[in-house]
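The values are calculated or read from the model by the stated rules, or taken from the named source; none is laboratory data. Since the structure is predicted, the reported quantities are computational estimates derived from the model, not experimental observations. Glycine also receives a Cβ, built like all others from the backbone with ideal geometry; neighbour counts cover every protein chain displayed.
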Amino acid sequence: MADDAFGPASDASREARVVAIIPDGNGRWAESRGLPVAEGHREGTRALRRTVEAAISLGVRALAVYAFSTENWARPVSEVEDLMTIFEETIERELPDLAEQGVRTRFIGRRDRVPADLRALMERLEAATADRDRLDLWIAFDYGGRDELVAAARRLVEEGLAPEDIDESALTARLYAPSLDPVDLLIRTSGEVRVSNFVLWEAAYAELVFTDTLWPDFGEADLRAALEEFARRQRRFGGRA
């Protein structure tokens, strides 16, 4: 059988089914055009929709996107307020259309600091898309990888697990999203080369791809290129070829 664009068609290990993205560069995109930072974030929501649709067509089964980190609260108050407004707009205007294409949306991260109106929107969208099964979209909001691990460890203690009962499965079951499978491919845009506290547990053996493309300019061609790069790599998971 001939090889396809993502490697040998018979070798499923060369296909990145679970992809995580750190969408960086909204501010620089806006600055380069003389626009307010908020306009860069709004353009980033369009890139999100475009990328989710591309992921569907390229065979990705789950896509996790870093929308707002636990550290982002430290940004200027006006920017945080704009981000909350833009996130509400995204839930109301962009994500319902994706649901019609079979996208199930779920949010991972803390909920106690999210404004009540926004939290209600998140919960309604999760309920409305619970039966969609074409692609799982995980949106990390008020999320931090270390925070997630601390919360999971706290739950282990609160539930009184004995030390001998604590293993990887026990901790995984207490993460924010236990049903999020291990990440195959982690992409970061804008030329930065760090993981910034994103899916630290889930991406333990992920392949990393960094692209200079700013997030608002990211689209199907960029995602395809990252998937093709993934297909060229040999994953060993600590073993030898």
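Exactly one residue out of 105, 90, 129 is surrounded by 19 or more Cβ atoms within 10 Å (Cβ to Cβ), in contact with a Pro (Cβ under 9 Å, 6 or more places away or on another chain) and β-branched (Val, Ile, Thr): that is 129. For residue 33, the test of being among the basic types (Lys, Arg) and over 17 Å from residue 219 (Cα atoms) is passed.
Residue-wise test of (1) on the phi < 0 side of the Ramachandran plot; (2) among the basic types (Lys, Arg); (3) in contact with a strand residue (DSSP E or B) (Cβ under 9 Å, 6 or more places away or on another chain).
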position	(1), (2), (3)
157	yes, no, no
161	yes, no, no
209	yes, no, yes
217	yes, no, no
233	yes, yes, yes
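Considering the range 56-83 alone, what residues qualify as being surrounded by 15 or more Cβ atoms within 10 Å (Cβ to Cβ), assigned to a helix (DSSP H, G or I) and in contact with an Asp or Glu (Cβ under 9 Å, 6 or more places away or on another chain)? Residue satisfying the conditions is 72 alone. Among the residues of the range 55-91, those identified as among the charged types (D, E, K, R), closer than 28 Å to residue 152 by Cβ and touching a residue at least 40 places away in the same chain (Cβ under 8 Å) are 61, 71.
Does at least one position in the range 142-165 carry a residue that is under 22 Å from residue 51 (Cβ atoms), at pLDDT 95 or above and assigned to a loop (DSSP other than H, G, I, E, B)? No - not one qualifying residue is present in the range 142-165.
Matching residues to (1) farther than 20 Å from residue 14 by Cβ; (2) surrounded by fewer than 15 Cβ atoms within 10 Å (Cβ to Cβ); (3) touching an Asp or Glu at 6+ places or on another chain (Cβ under 8 Å):
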residue: 195; (1), (2), (3): yes, no, no
residue: 205; (1), (2), (3): no, yes, no
residue: 209; (1), (2), (3): no, no, yes
residue: 215; (1), (2), (3): yes, no, yes
residue: 219; (1), (2), (3): yes, no, no
residue: 223; (1), (2), (3): no, no, no
residue: 231; (1), (2), (3): no, no, yes
residue: 235; (1), (2), (3): no, yes, yes
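Screening the candidates 164, 148, 94 for the property of being in contact (Cβ under 8 Å) with a residue 40 or more places away in the chain, of a type outside the set (Lys, Arg) and over 25 Å from residue 43 (Cβ atoms) yields one hit, 148. Given the residues 82, 112, which is the only one that is within 25 Å of residue 180 (Cβ to Cβ), over 19 Å from the mean Cα position of the chain (by Cα), modelled with pLDDT under 95 and not small (Gly, Ala, Ser)? Going through 82, 112 in turn, just one is within 25 Å of residue 180 (Cβ to Cβ), over 19 Å from the mean Cα position of the chain (by Cα), modelled with pLDDT under 95 and not small (Gly, Ala, Ser): 112. Of the residues making up the range 183-229, those that are over 22 Å from residue 171 (Cα atoms) and either part of a helix (DSSP H, G or I) or of a type in the set (Phe, Trp, Tyr) (or both) number 15. Filtering 114, 157, 150 for residues that are farther than 23 Å from residue 16 by Cβ, of a type in the set (A, V, I, L, M) and surrounded by 19 or more Cβ atoms within 10 Å (Cβ to Cβ) leaves a single hit, 114.
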